[in-house]
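Enquirer: Starting off with a structure, shown below.
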């Protein structure tokens, strides 16, 4: 029996999932919606199913089991609630929102409905991350050092704080999520941001460099630094420091160090295929144990980034609980 899937949003990240889902035998993509009707029509032509001109009509008529939400941070809210109201499974791309009010409203609806839900923190499914978890199991993590040093995405909404939430909310959210995965929940944040290299870019008000200092509930500490002004490759990854072990993740690369020596690994694997397969299997069986990032878990990641934004704006330490 096929799992019937629909897409709300048929842009770049949606197409990445579509290409991956096409490899999953039990998954069938049957419905597509995008504000740009041509995108939805193109997806339907390539993968089968129908393009819809209305989210409501798609959710009511397509006979879906689950829905992929691949829309920008500012667009979250009503469409997720419509999916939840119909009892369908929901997969959202990160970040789940650009404000806590919207995220908490959706979280409440999801938890009350008890639907299958997942968020696209695909780094959690990477083989090197899983191997690092094994190496650090039962270890006392003392520090986490994260980096997202890259360039400026081309879409208009990314360049506006009110739409994307900025680099710490949008792309760097993957590193914030890994910091939580290895270090546990974060209690407070202090952040400083700057806009230095991209001042002349039209309609841009996002900081192009920033750093957060994290204080974990465990007593561990951390930093996460980012930029979005580079036109060269540099570093996207995280270092985890424990009492007698370190793990450095940089793309597919993993370096483990302890008193016995150094292990330098390159662990290839399709993390998107792993996360999409976990979601499809959960829809098919009702067993969500393979899903590594639920909506509620992702809301905790969002709260840290938003606390960083508030800290930078007000030049003070912010308790994560303050942002809601």
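Enquirer: Name the residues in the stretch 216-231 that are under 15 Å from residue 148 (Cα atoms) and either outside the structural domain of residue 151 (by TED's automatic domain parsing) or part of a loop (DSSP other than H, G, I, E, B) (or both), would you?
Expert: 228, 229, 230, 231
Enquirer: Within the stretch 189-215, track down each residue that is within 20 Å of the chain's Cα centre (by Cα), in contact (Cβ under 8 Å) with a residue 40 or more places away in the chain and not in a loop (DSSP other than H, G, I, E, B).
Expert: Correct list: 189, 210, 212, 214.
Enquirer: If residue 257 satisfies every condition in (1) out of contact with any helix residue (DSSP H, G or I) (no Cβ under 9 Å at 6 or more places or on another chain); (2) modelled with pLDDT of 95 or more; (3) surrounded by fewer than 16 Cβ atoms within 10 Å (Cβ to Cβ) but one, which is the exception?
Expert: Condition not satisfied by residue 257: (3).
Enquirer: Related question: Just to be sure, is residue 14 surrounded by 17 or more Cβ atoms within 10 Å (Cβ to Cβ), under 26 Å from residue 300 (Cβ atoms) and out of contact with any strand residue (DSSP E or B) (no Cβ under 7 Å at 6 or more places or on another chain)?
Expert: In short, no.
Enquirer: Just name the residue that is farthest from residue 21 (Cα to Cα) out of those in the stretch 42-52 that are surrounded by fewer than 16 Cβ atoms within 10 Å (Cβ to Cβ) and at pLDDT 95 or above.
Expert: Among those that are surrounded by fewer than 16 Cβ atoms within 10 Å (Cβ to Cβ) and at pLDDT 95 or above, it is 45.
Enquirer: Hey, can you tell me all the residues within the stretch 279-296 that are in a helix (DSSP H, G or I) and buried (at least 20 other Cβ atoms within 10 Å of the Cβ)?
Expert: 279, 280, 281, 282, 283, 295
Enquirer: What single numbered condition from (1) in the same structural domain as residue 191 (by TED's automatic domain parsing); (2) under 24 Å from residue 275 (Cα atoms) fails to hold for residue 159?
Expert: The number of the failed condition is (2).
Enquirer: Can you pull out the residues in the stretch 232-272 that are out of contact with any strand residue (DSSP E or B) (no Cβ under 6 Å at 6 or more places or on another chain) and closer than 16 Å to residue 147 by Cα?
Expert: If the condition is that a residue be out of contact with any strand residue (DSSP E or B) (no Cβ under 6 Å at 6 or more places or on another chain) and closer than 16 Å to residue 147 by Cα, then 232, 233, 251 are the ones that fit.
Enquirer: Take the conditions over 29 Å from residue 69 (Cα atoms), in a strand (DSSP E or B) and touching a residue at least 40 places away in the same chain (Cβ under 8 Å) and apply them to residue 264. Does it pass?
Expert: It is false that residue 264 is over 29 Å from residue 69 (Cα atoms), in a strand (DSSP E or B) and touching a residue at least 40 places away in the same chain (Cβ under 8 Å).
The values are calculated or read from the model by the stated rules, or taken from the named source; none is laboratory data. Model, not experiment: these values are computed from the prediction. Here the Cβ is made from the backbone with ideal geometry for all residues, glycine too, and neighbour counts use every protein chain on show.
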